[in-house]
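The values are calculated or read from the model by the stated rules, or taken from the named source; none is laboratory data. Here the structure is a predicted model, which means the values were calculated and not measured. Heads up, the Cβs are rebuilt from the backbone with ideal geometry, glycines too, and the neighbour counts pull from every protein chain shown. To get the accessible areas, we keep the full protein, side chains included, count just its heavy atoms, and leave off ligands, DNA and RNA. Shrake-Rupley method; radii C 1.70, N 1.55, O 1.52, S 1.80 Å.
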Amino acid sequence: MSTATSVRPEAPLPAAAQPLLEVKDLVVRYGRGRKAAAAPAAVDGVSFSIAPGETVGLVGESGSGKSTIGKAILGLQRVSGGSITYKGKDITSAGASQRRALGGELRAVFQDPNSSLNPRNSVGSSLAEPLRLRGVSAAEARQRAEDMLERVGLPREAVDRYPSQFSGGQRQRISVARALICDPNLVVCDEAVSALDLSTQAQVLNLLADLRDERGLGYLFIAHDIAVVQFLAQRVVVLYRGQVMESGPAAAVTENPKHPFTRALVAASPVPRPAEQAARRQARESLGVRTGAAAVPRPGGCPFRLRCPLATDRCAAERPALRTVGGSDVACHYAS
Ligand code: SF4
């Protein structure tokens, strides 16, 4: 029987509870037609959601499928299966006009700031461009560009300078300004601080956190370094060969990892203190996890089995399903 507080299954979630983004059973195969069907999936059944104001960290080694997921969300990669829903609307195969209608709501910051900043254009015109495309007058666009530069910690006069006149960290601040100038709801940050030195990384991460809290932004924060993800994310999804190995609250995943691969990622994460780094190196070696150069496993079973020190025959025969262990979802037969 229905009560005043019950929610019918078909009723939309209350605005605050509706995820900004929902990725469900996402599959991406490269290529088209029969070639794609025969290829191993680059992303294989990945699901997660992002609430307004929330940061979800997507972490994994190179080739784990994390950037492919970011591209699929941004409409830059064809999806083979599953769905991507933005504010309740299916955008899995959104065409150019549907993407245009989303306007500046979905934006991105990439590792290389030069990918979003034309070196021949002044910083002001790079920042104004997305606004001008949406019909904002030149005078207002310039004003907003100056305001945004100030907000990311650069002088207003930077509007008349060129990207080459700034350091790598400053250029990344300009990229952040360009991504946020249209007031997006969701920003995909793909290795956004990976090319920066540790102290500049910390500054840009603090800036991203402040902007998120100020504007209620959702972030999908993609990185190979779990410590960087841990700084910003409330939830973490760990990927290996396109599959989710572990996901859950950031503290649970990073401080008490349950999956052998997550443990190896945590132990491999660089820290600025040499003594702690040595302890981590020792911990990593004692895990017995083989390096990433291991052979590609046949389809089926656990994708991590060729590197896992705990692998058994069962791991080759049966793909482990995600199950809840100590507050996280873990895809390992033996996690406890
Ligand atoms: S399922 Fe087996 S191979 Fe995979 S992580 Fe667990 S123990 Fe290792």
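For region 145-264, give me every one of the helices (runs of 4 or more DSSP H) that falls completely inside it and has 1 or more residues that are in the same structural domain as residue 130 (by TED's automatic domain parsing) and open to solvent by 30 Å² or more (accessible area, probe 1.4 Å).
Values: elements: 168-180, 198-215, 226-232, 250-255.
It comes to 168-180.
Would you point out the residue of region 323-333, among those that are surrounded by fewer than 20 Cβ atoms within 10 Å (Cβ to Cβ) and touching a residue at least 40 places away in the same chain (Cβ under 8 Å), that is nearest to the ligand (Cβ to nearest atom)?
That would be 325.
If residue 336 meets every condition in (1) within 12 Å of residue 258 (Cβ to Cβ); (2) near the ligand (Cβ under 9 Å from one of its atoms); (3) over 23 Å from the mean Cα position of the chain (by Cα) apart from one, which number is that one?
(2)
Name the residues in region 321-332 that are among the polar types (S, T, N, Q) and not in a strand (DSSP E or B), would you? Lay out the reasoning, then the answer.
Pass one, region 321-332, residues among the polar types (S, T, N, Q): 324, 328.
Residues satisfying the conditions do not exist here.
Which residue is modelled with the highest pLDDT, if the candidates are limited to region 81-112 and must be of a type outside the set (Asp, Glu), in a loop (DSSP other than H, G, I, E, B) and within 30 Å of residue 196 (Cα to Cα)?
Selected residue: 111.
Quick one: which of 147, 213, 190 is acidic (Asp, Glu) and farther than 30 Å from residue 22 by Cβ?
Step by step, each of 147, 213, 190 is checked, and only 147 is acidic (Asp, Glu) and farther than 30 Å from residue 22 by Cβ.
What are the pairs, 6+ residues apart or on separate chains, where a residue within region 293-322 that is open to solvent by 60 Å² or more (accessible area, probe 1.4 Å) has its Cβ under 9 Å from a residue that is within 10 Å of the ligand (Cβ to nearest atom) and acidic (Asp, Glu)?
Final answer for the pair search is 322/246.
How about region 292-320: which of its residues are hydrophobic (A, V, I, L, M, F, W, C), assigned to a loop (DSSP other than H, G, I, E, B) and within 10 Å of the ligand (Cβ to nearest atom)?
Scanning region 292-320 gives 302, 304, 306, 308, 310, 311.
Given the conditions (1) in a helix (DSSP H, G or I); (2) in contact (Cβ under 8 Å) with a residue 12 or more places away in the chain; (3) not hydroxyl-bearing (Ser, Thr, Tyr), report the number of the one that residue 134 does not fulfil.
With respect to (1) in a helix (DSSP H, G or I); (2) in contact (Cβ under 8 Å) with a residue 12 or more places away in the chain; (3) not hydroxyl-bearing (Ser, Thr, Tyr), residue 134 is out only on (1).
Out of (1) over 23 Å from residue 159 (Cβ atoms); (2) open to solvent by less than 60 Å² (accessible area, probe 1.4 Å); (3) in a loop (DSSP other than H, G, I, E, B), the odd one out for residue 78 is which?
(2)
Could you grab me the full set of residues in region 31-70 that are open to solvent by 10 Å² or more (accessible area, probe 1.4 Å) and in a strand (DSSP E or B)?
Answer for region 31-70, where residues must be open to solvent by 10 Å² or more (accessible area, probe 1.4 Å) and in a strand (DSSP E or B): 44, 45, 47, 48, 49.
Can you say whether residue 27 is of a type in the set (Val, Ile, Thr) and at pLDDT 95 or above, as far as the supplied structure shows?
It is true that residue 27 is of a type in the set (Val, Ile, Thr) and at pLDDT 95 or above.
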